Amino acid sequence: MNEVKDPYNLIITGVGGQGNVLSSQLIGQTLVNKGFFVTIGETYGASQRGGAVMSHIRISKKKQQSPLIPRNKSDVVVALEPVESLRVLAAYGNPEVVVLVNTRPIYPVDVTAEKEIYPKMEDIKKALDELSGQVYYIDATEKAMQMGSPILSNMIMIGALLELELIPLSTANFIETLAARFDQKGLEVNVSALEEGRKAIQLAGHG
Amino acid sequence: MSIISLNEPDKELLLMGNEAMARGALEAGVSVAAAYPGTPSSEIIASLAEAAEDMGIYVEWSVNEKVALEVAAAASFSGLRAICAMKQNGLNVASDFLLNLNLIGTQAGLLLVVCDDPSSHSSSNEQDSRLFSKMADLPLLEPATFQEAKEMVKWAFTLSESIENVCMMRGVTRISHARGNVILGELPRRKARPYFNKEKQRVTHPVNQKHPLLHESLDRLREIFNGSPFNQYAGPEKAELIIMTCGSGWLYAQEAVELTGLDDMVGILKIGTTWPLPEKLILEYLKRTEKVLFVEEVDPFLEGNVKELAADFMRQIGPKTFFGKKSHHIPFFGEMNSDRVVDALTQIFDMEYTFATPAYEASAKKAEMMVPNRVLGFCPGCPHRASLWSIKSALELDDREGFVTGDIGCYALARNTAGYELSKTSGAMGTGTGLASGFGKLSRFGFSQPIISLCGDSTFFHAALPALTNAHFNNSNFIMVILDNSATAMTGFQPHPGVGINAMGETVLPVEIEGVCQALEAKVEVTDPFDLEGTRQKLLDMLEGPGGAKVLIMRRKCALLRLKEEKPPYRMHIDAELCLGKDCGCNRFCTRTFKCPGLIVDQETGKAKIDEVICVGCGLCAEICPTGAIVREETA
């Protein structure tokens, strides 16, 4: 594992209902078990209702960090939905940030009502190139649906994140936390989703 | 086993601020906890409810915040430690009792936690509840970290007992709803036995004696607070500037000083006991610097109080320059973050600080423009969408410029496009019915617009019932629609009196909403909102019918709860032959007007499409498509 910047700033973003809050909590608990200070700032008051959701996860060996990442100071962004990656980078991005993007859009109602436009994937990719150091695209929702449920896309994305060894956390550490949380069946499904993510990152194109 | 009742002292956990507070209460040996749910406070009592059985404590969801405080006070009067929690708006409801309870006094420790919501992430306002502590002459603590949230709660009970009065604590969204490291302490084993001493009357009188006593206890508190470890300074001995901060502001202030590299010049005085102020301590630090910056969330509470103190001791401390909200170095609204403190510091020290290069900023701006707005909407399968759809069609057919008075809950979204912008008013809990009761009396002046008020099932018990009673008593004319989804859905599905189960998990006889309304002799009908035609017809009949307050209960369980209990009833698809896309005269009725997020437009064919990731198979949209192109197949 690389020497980790302190504090290390991870953002998990997506749309309400994608499992964002649980994901950040599981990552956070695993890091606390490893002796880190972790602060998570979550925006989820209205998250069940189709809103944009963002969790700031701040990792430090030294001390408890504030719950919100300063402007332009994210180190890695996991986006469970494509345009949400742009929303986050516009405020917290920088030329070094690493971004993992689930490619499946969830359309806001203003888009389906044709009051607003959802950008084309190629335009999203172009913008992401300008705003980050490295981007990985993962068809997490498609893989999750093949596995039986779209909700697994968050575990696929975490599997991909862990494989990149950016945060001081191994897949094995993370599975220990899952084991304490889920029953045997739930654990197996989640572990195989992590594995899908691990495989996906090796194939994912990045720019 | 609930996470907060884990009996493993010294274990380190990642806890939400609210869970940390709940744990602190358990470590302090709390016996009774009561609240009405409200974001961002709900998890304090929710996690105590989960621990209730393990810990042998009593926890309740009360019908409103005032009753919750009364329940907690009864425990305190009987010698049992009690905690009561609420959101900022809730304190307004409870304040009537609070401003008497302060004179009455308490016996066993009584902690009132109020969680404010700066930036109003999940609230109708961003009021600063701290002003109530000053108004009520009660001590106020503000935790700055998650660990401190737990420790302060523990201490608050002792403090409350030492002054025999309520201790207040203020949480904010970024403490209550954020997560961080918490090291567990010991859990006590023995509980006190309750006994109410009849020798001592618990009343406010004689006020002329009790009010001065309150002020004496403030003097005692100042002394205690001067030595409190929750107040601490870090920084140079003689500072160019001292940041005085409290609550969430502390971590942001530290980060901003690090980011700007001003560590050698700027010190930070963190105040955990914000009312009454630890005056000696603050004066000591005021002497050490000429400049002070205040960092706190919402109102300039600390700022104003410190300035008042500085005015009293001007000769001893010398002239100062104060920066904060009043000087516009810190914005007057919205939550705090380190960037805001960085901005203030760079202005005061007249220094350069770049967040990003201009080129990066330009790309970021461009990206921001591309990102579509994500307005909040009702969940797929939500009964409120159907209810509001029927109200919308009924009011259009009625054609007398009728309108809706809205209320607090998920259905507050009735003011947005998701709810067809039907709600034209919204205020406090129960305000929809109260306003309707007023509008319904204006006919003598020639007012002829029909009124439909909205109210949730939990809101009905909380605050709408007196308004409905008022309407009956004064013979006001309107339709009260009760959107009964069998839960306090907005705040996390807490049960309420209509549900038949309480916070302790006991089965209780549900209070039947229709029975209560009938007892008021209101005309009551019940409908399933998914029966669009039947619901609309009932509304039309009520709109035409004779006067008085009429109640229509639209009853269907919250879709999120339903999904936990049963499989989706239908699999939905679009019959591509029947959907005419944009050539259809419907003008894309399903996506443009009905607006369930499960319905999208296929970019290639231009026809409607079901987003199978979103759709929960409720089947309702099949009824609204004029060509019958939306098809539901029953799931096995």
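When you restrict to C-alpha pairs under 8 Å that are six or more residues apart and normalise by the size of chain B, the relative contact order lands at 11 percent. With an a/c value of 1.5 or above and a/b not larger than b/c for the gyration tensor axes a ≥ b ≥ c computed over the alpha-carbon atoms, the stretch B:72-172 is described as oblate. Modelled this way, with points 7 Å down the Cα-to-C-beta line, the labels at residue B:592 and residue B:288 are 6.6 nm from one another. Binning the alpha carbon pair distances of the stretch B:192-282 at 10 angstrom intervals from zero yields the distribution 15, 30, 23, 17, 10, 6, 0, expressed in whole percent. Going from the chain on its own to the full set of protein chains, the stretch B:332-357 has these residues losing 40 Å² or more of accessible surface (heavy atoms, 1.4 Å probe, no ligands, DNA or RNA): B:339, B:355.
Remark: the stretch B:33-44, residue by residue, has Karplus-estimated 3J(HN,Hα) of 9, 9, 6, 10, x, x, 5, x, 9, 4, 5, 4 Hz, where x stands for each Gly or Pro and the curve is 6.51 cos²θ - 1.76 cosθ + 1.60 at θ = phi - 60°. Rolling a 1.4 Å probe over the protein heavy atoms gives the stretch B:178-251 an accessible area of 61 Å² per residue. For the stretch A:84-163, a crude dipole built from +1 on the beta carbon of Lys and Arg and -1 on the beta carbon of Asp and Glu, taken about the Cα centre, is about 140 debye to the nearest 20. Looking at the stretch B:6-69, the accessible area is 27 square angstrom per residue; that uses a 1.4 Å probe and ignores ligands, DNA and RNA.
Between the residues B:412, B:427, B:244, the greatest Cα displacement towards the positive end of the dipole of chain B, with unit charges on the Cβ of Lys, Arg, Asp and Glu, is found for B:427. Seen against the Cα atoms of chain B and their longest principal axis, helix B:358-370 is set at about 30 degrees. Buried surface between chains A and B: roughly 5500 Å² of accessible area, summed over both sides, computed with a 1.4 Å probe on protein heavy atoms only.
What percent do you get for the relative contact order of the stretch A:29-99 when only Cα pairs under 8 Å and 6+ apart count?
Details: 93 pairs, mean separation 18.5, N = 71.
Answer for the stretch A:29-99 is 26 percent.
Quick one: pull the percent of accessible area on the stretch A:2-119 belonging to carbon and sulfur, 1.4 Å probe, ligands and nucleic acids left out. Carbon and sulfur: 54 percent of the exposed surface of the stretch A:2-119.
Partner lysines whose Cα lies under 16 Å from the Cα of residue A:143, excluding those fewer than 8 positions away in the same chain, are identified as A:199. Any idea which of B:268, B:93, B:616 is furthest toward the positive side of the dipole for chain B, if Lys and Arg beta-carbons carry +1 and Asp and Glu beta-carbons -1? Of the candidates, B:93 comes out farthest on the positive side.
Determine which residues of the stretch A:73-104 fall in the zone a paramagnetic label at residue A:134 would reach in this model, i.e. backbone nitrogen under 17 Å from the point 7 Å along Cα→Cβ. Those under the cut-off are A:74-79, A:94-102.
Would you mind calculating the gained length between residue A:5 and residue A:120 on full extension (0.36 nm times residue separation, minus the Cα-Cα distance), in nm to one decimal? Could the numbers behind the result be given before it?
Details: separation 115, 0.36 × 115 = 41.40 nm, distance 3.41 nm.
38.0 nm is the gain from fully extending residue A:5 to residue A:120.
Of all the accessible heavy-atom surface of chain B, with the other protein chains kept in place and a 1.4 Å probe, what percent is carbon and sulfur? Each step should come with its number before you reach the end.
Details: 13310 of 25990 Å².
That share works out to 51 percent.
Per-residue mean of foreign Cβ neighbours for A:84-94 is 5 (Cβ atoms of other chains, 10 Å radius).
What residues does the stretch B:368-410 have that are buried by at least 10 Å² of accessible area in the full protein assembly compared to the chain on its own, 1.4 angstrom probe? Buried on complex formation: B:368, B:370, B:371, B:372, B:373, B:374, B:375, B:376, B:377, B:379, B:410.
A dipole drawn for the stretch B:176-296 from +1 and -1 charges on Cβ atoms has a positive end, and of B:206, B:232, B:195 the residue lying farthest that way is B:195.
If R0 is 56 Å, what FRET efficiency do you get for residue B:53 and residue B:634 from their C-beta distance, rounded to 0.05? The pair residue B:53/residue B:634 has a calculated efficiency of 0.90.
Structural descriptor for the stretch A:79-174: relative contact order 30 percent, calculated from alpha carbon pairs under 8 angstrom and at least 6 residues apart. Look at the Cα gyration tensor of the stretch A:72-207: its axes a ≥ b ≥ c give a/c of at least 1.5 with a/b at or below b/c, and that counts as oblate.
Rounded to the nearest whole Hz, the Karplus-based 3J(HN,Hα) values (6.51 cos²θ - 1.76 cosθ + 1.60, θ = phi - 60°) of the stretch B:490-502 follow the sequence 4, 9, x, 6, 5, x, 9, x, x, 8, x, 8, 10, with x at glycine and proline.
Legend: residues in the stretch B:162-187 shielded by at least 50 square angstrom of accessible surface upon adding the remaining protein chains to the isolated chain (1.4 Å probe, heavy atoms) are B:174, B:177, B:179, B:181. The magnitude of the dipole of the stretch B:111-153, with charges of +1 and -1 set on the Cβ of Lys/Arg and Asp/Glu and taken from the Cα centre, is near 80 debye.
So, with +1 on the Cβ of K and R and -1 on the Cβ of D and E, and no other charges, what is the size of the charge dipole of the protein assembly as shown about its Cα centre, to the nearest 20 debye?
I would put it at about 1120 debye.
Candidate cross-link partners of residue B:198 among the aspartates and glutamates, defined by an alpha-carbon separation under 12 Å and a same-chain spacing of 8 or more, are absent. Across the stretch B:1-45, the convex hull enclosing all Cα atoms gives 80 Å³ per residue. Model label points for residue B:203 and residue B:320, set 7 angstrom from Cα along the Cα-to-Cβ axis, are 4.4 nm apart.
When the pairs B:557/B:595; A:34/A:63; A:120/B:392 are compared against a 26 Å limit on Cα-Cα distance, A:120/B:392 fall above it.
Seen through its C-alpha gyration tensor, with square-root eigenvalues sorted a ≥ b ≥ c, the stretch B:13-88 comes out oblate because a/c lies at 1.5 or above while a/b is not bigger than b/c.
The values are calculated or read from the model by the stated rules, or taken from the named source; none is laboratory data. This one's a predicted model, so the numbers in the text were calculated from it and none came from an experiment. When we count neighbours, we look across all protein chains shown, and the Cβ atoms used for this are built from the backbone with ideal geometry, even at glycine. Heavy atoms of the whole protein, side chains included, go into the accessibility calculation; ligands, DNA and RNA do not. Shrake-Rupley method; radii C 1.70, N 1.55, O 1.52, S 1.80 Å.
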